[in-house]
Ligand code: ATP
């Protein structure tokens with residue numbers, strides 16, 4: 001399978017935080033969710049791969065091309081929606097678009113107008129008068145109007161109401177169906193990814209924890225709910241992220257058949273993406289061997 005993005009040994013340091021040898025790749029034709037709790041390093045990773053951060057080392061290749069040597073060509077082929085304002089607030093949507101559109105060789109004015117209409121955005125409105133959600137919609141309209149082959153978004157659903165979040169997921173499905181080669185989006189609202197992601201990449205404390213097919217990942221783990229007496233030494237060794245109460249425990253396991261054999265009466269539940277993320281976050285981990 002072709003890779004639309006390949007990142008190897010990415011390093012970037014701030015005074016109290018560092019990305020450490022971050023490596024991952026995005027397969028073509030997939031929606032990839034980039035997950036991790038607040039401060040895990042999602043935005044820093046996205047800004048680093050897009051050439052928006054200083055002092056970044058490592059290899060970043062989009063569509064097989066080196067980012068440092070082909071930045072202009074690559075940026076023409078990707079659509080970006082970043083958290084935070086990247087616009088001149090005093091301009092209208094139309095004025096800002098006139099500045100940005102000429103940078104893209106494949107800009108499609110017709111698509112732009114239809115996205116503004118779909119998102120109920122008035123081109124004469126000043127950017128400073130847009131709500132947070134409206135700004136994200138505007139960013140998305142700009143990003144999609146130059147027919148990008150890869151769409152990269154940082155927390156696009158945070159601050160959006162459930163209706164728009166659901167419209168956004170439909171939009172992403174449409175985009176992929178029309179021949180988009182990939183979507184990469186960071187979020188801590190993992191319920192959106194339960195619905196739409198093909199692949200998940202998790203980051204925690206600046207390290208990549210895993211990159212896996214979402215369905216395979218969810219199939220591989222189970223939440224175990226049992227009583228205190230069930231929690232002997234052998235059972236404990238098969239569990240991680242164990243949370244004990246006065247009466248029982250909840251934990252995660254990847255040793256599903258062994259647990260079923262040892263504890264035929266306990267309840268095993270399929271996890272959500274959020275359960276997987278929280279159980280793989282350091283500090284939530286009680287059995288480090290599971291992640292080695
Ligand atoms: P969130 O979900 O809250 O957006 P995140 O996973 O995107 O979090 P980052 O924004 O990448 O996390 O931040 C990772 C760490 O890097 C945080 O501890 C943050 O304080 C730190 N950091 C980010 N930008 C800077 C900066 N410009 N200078 C110093 N530290 C920074």
Exercise. Only helices (runs of 4 or more DSSP H) wholly contained in region 40-142 count here; list those with 1 or more residues that are away from the ligand (no atom under 16 Å from the Cβ).
Key: 71-77, 93-100, 109-118
Quiz prompt | Hits in region 8-31 (condition: over 16 Å from residue 209 (Cα atoms) and either more than 16 Å from the ligand (Cβ to nearest atom) or surrounded by 16 or more Cβ atoms within 10 Å (Cβ to Cβ) (or both)) | solution = 12, 27, 28, 29, 30, 31
Quiz item: Among 116, 52, 46, which is the only one that is crowded, with 17+ Cβ neighbours inside 10 Å and under 24 Å from residue 204 (Cβ atoms)?
Solution: 46
Quiz item: Restricting to region 147-164, what's the tally of residues that are more than 17 Å from residue 50 (Cα to Cα), touching a helix residue (DSSP H, G or I) at 6+ places or on another chain (Cβ under 8 Å) and more than 16 Å from the ligand (Cβ to nearest atom)?
Solution: 3
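FYI, it's all coordinate maths here, none of it is from the lab. These figures come from a predicted structure and were not determined experimentally. Here Cβ is always computed from backbone atoms with ideal geometry, including for glycine, and neighbour counts include all displayed protein chains.
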